[in-house]
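The values are calculated or read from the model by the stated rules, or taken from the named source; none is laboratory data. On a predicted model such as this, the values are computed, not experimentally measured, just so you know. Virtual Cβ from ideal backbone geometry, glycine too; neighbours counted across all protein chains shown. The accessibility values were calculated without ligands, DNA or RNA, using every heavy atom of the protein model including side chains. Shrake-Rupley method; radii C 1.70, N 1.55, O 1.52, S 1.80 Å.
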Amino acid sequence: MKNHFLKYAGIALLFAITAVSCRKDAFEGTETGDSGTTYFKVLEGREVKLFFSPFSDIKKVAMFSIRRDAASNADLQQSATIKLEQNAGIITKYNTDHADTFEELPATYYTFGGDGGYSKTATGYNVNFASGVFSQNFKLNIDGSKWTDLGKKYALAFRVTDWGGIKKTAATSDTIMVFVSIKNKWDGVYSVAGSMVDVTNATLGHINEYLTSSNNTVGVTAPMEYELRTLSPTKCIVYDNHFFGGNYVPIRSGTSYSQYGSFAVTVEFDPATDKVVAVTNTYGQPASNTRSGRLDPSGTVNAYDAATKTITIKYNMLQPSVVTTSPFVRTTWNEVWTYLRARQ
């Protein structure tokens, strides 16, 4: 079982959209002379994930920024050129390693709109740092009218083949991947309220029962939160980015906490009515341990309310290897998910 603190370690999804322009600013701070080293770094890290609501106009999108951290004013005044190779093979490898389906963002969907230091080459871009320039921002003008299939997930990938004779920081990778996805209308972060019953084990209960108890010593507060992450125009994966950090459904176990192995929830909506029409197990229907998901037919609402931005949902985990009588329902959740904010 993964500890909830793991979600803070090695996060590759954090990014900052910088508004720094290329200008010849004076060097600030103490010059280190020969004892210091000038570095290049990609501010957003190796992976950048960008999410948008559907749009039909053209948006200027900041993808990533390469920054020069100069050890001295003299170093800042030196010119340098970084060479970026646009490499679709990196996306292919990512898909293989992560069982994902990203495609390279078609060139017809965008035009380049970044800083003047970028120049197009046959294989990618040269990033030219003139004297006094410390940051070069890679931006694209993306045409939302071309993005007609919300089920498509796109990415651009680059490999730095030459750092211009200047060292990079140890934390900076030679590869940069930018993932670009359109969110469906239900995508976001939701607080969770409700109940849970496991008919095979009365010591198991809803995670909020642990989060609100005096036994809660993990530093995660109630109520539980879920992220609904767009999977297609009508489906969202329910992701725990609050407690464990991953595709999990946290639960109370006695006076402590746990989760059901190989069970997480994917929810499907009817876009015309906002009704929840299906719940399945993200790990397989069924997973190897026979666990599957379904929408509980006794749920009286099972729908998204656009006025209150709430999802009322009742769903089951089936496990015929444990509950041998049809319909094999082991656990039932009866919950209300209330929209809190957009997903970052």
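Screening residue 280 with (1) open to solvent by less than 40 Å² (accessible area, probe 1.4 Å); (2) free of Cβ contacts under 8 Å to residues at least 60 places away in the same chain; (3) of a type outside the set (Gly, Ala, Ser); (4) closer than 28 Å to residue 98 by Cβ gives one miss only, at (1).
Restricting the search to strands (runs of 3 or more DSSP E) fully inside region 235-288 and requiring at least 1 residues that are touching a helix residue (DSSP H, G or I) at 6+ places or on another chain (Cβ under 9 Å) and among the β-branched types (Val, Ile, Thr) gives 250-253. Listed by first and then second residue, the pairs linking a residue in region 205-231 that is free of Cβ contacts under 8 Å to residues at least 60 places away in the same chain to a residue that is basic (Lys, Arg), with Cβ atoms under 7 Å apart and 6 or more places separating them unless they lie on different chains, are 205/252; 207/252; 209/252; 210/252. Listed conditions (1) in a strand (DSSP E or B); (2) modelled with pLDDT under 95; (3) open to solvent by 10 Å² or more (accessible area, probe 1.4 Å) are all met by residue 176, apart from (3).
Could you tell me whether residue 209 is among the acidic types (Asp, Glu) and crowded, with 19+ Cβ neighbours inside 10 Å? Can you show your working first?
Values: among the acidic types (Asp, Glu): yes; crowded, with 19+ Cβ neighbours inside 10 Å: no.
The answer is no for residue 209.
Could you list all residues from region 289-336 that are of a type in the set (A, V, I, L, M, F, W, C) and either under 18 Å from residue 202 (Cα atoms) or assigned to a loop (DSSP other than H, G, I, E, B) (or both)? If the condition is that a residue be of a type in the set (A, V, I, L, M, F, W, C) and either under 18 Å from residue 202 (Cα atoms) or assigned to a loop (DSSP other than H, G, I, E, B) (or both), then 301, 306, 307, 317, 318, 322, 323, 328, 329, 333 are the ones that fit. Reported count of residues in region 33-73, each being at pLDDT 85 or above and over 21 Å from residue 158 (Cβ atoms), is 4. Of all the residues in region 53-75, those that are more than 26 Å from residue 146 (Cα to Cα) and touching a strand residue (DSSP E or B) at 6+ places or on another chain (Cβ under 7 Å) number 4. If the condition is being out of contact with any Leu (no Cβ under 8 Å at 6 or more places or on another chain) and open to solvent by 10 Å² or more (accessible area, probe 1.4 Å), then region 132-149 contributes 133, 139, 141, 143, 145, 146, 147, 148, 149.
Can you pull out every residue in region 283-319 that is open to solvent by less than 50 Å² (accessible area, probe 1.4 Å), farther than 21 Å from residue 191 by Cα, out of contact with any Leu (no Cβ under 9 Å at 6 or more places or on another chain) and not aliphatic (A, V, I, L, M)? Result: 284, 289, 319.
Please identify the pairs in which a residue from region 290-305 that is at pLDDT 95 or above has its Cβ atom under 7 Å from the Cβ atom of a residue that is surrounded by fewer than 19 Cβ atoms within 10 Å (Cβ to Cβ) and in a loop (DSSP other than H, G, I, E, B), counting only partners at least 6 apart or on another chain. Within 7 Å, the pairs are 290/320; 290/321; 291/262; 292/285; 303/274; 304/274. Taking the residues in region 95-118 that are surrounded by 12 or more Cβ atoms within 10 Å (Cβ to Cβ) and either touching a residue at least 60 places away in the same chain (Cβ under 8 Å) or small (Gly, Ala, Ser) (or both) as candidates, determine which candidate is farthest from residue 137 (Cα to Cα). Looking at residues that are surrounded by 12 or more Cβ atoms within 10 Å (Cβ to Cβ) and either touching a residue at least 60 places away in the same chain (Cβ under 8 Å) or small (Gly, Ala, Ser) (or both), I get 102. The single condition among (1) open to solvent by 80 Å² or more (accessible area, probe 1.4 Å); (2) at pLDDT 85 or above that residue 87 does not meet is (1). Look at region 119-131 and say how many of its residues are open to solvent by less than 70 Å² (accessible area, probe 1.4 Å), touching a strand residue (DSSP E or B) at 6+ places or on another chain (Cβ under 6 Å) and more than 30 Å from residue 230 (Cβ to Cβ). Matching residues across region 119-131 total 5.
The number of residues in region 152-161 being assigned to a strand (DSSP E or B) and either open to solvent by 60 Å² or more (accessible area, probe 1.4 Å) or at pLDDT below 85 (or both) comes to 2.
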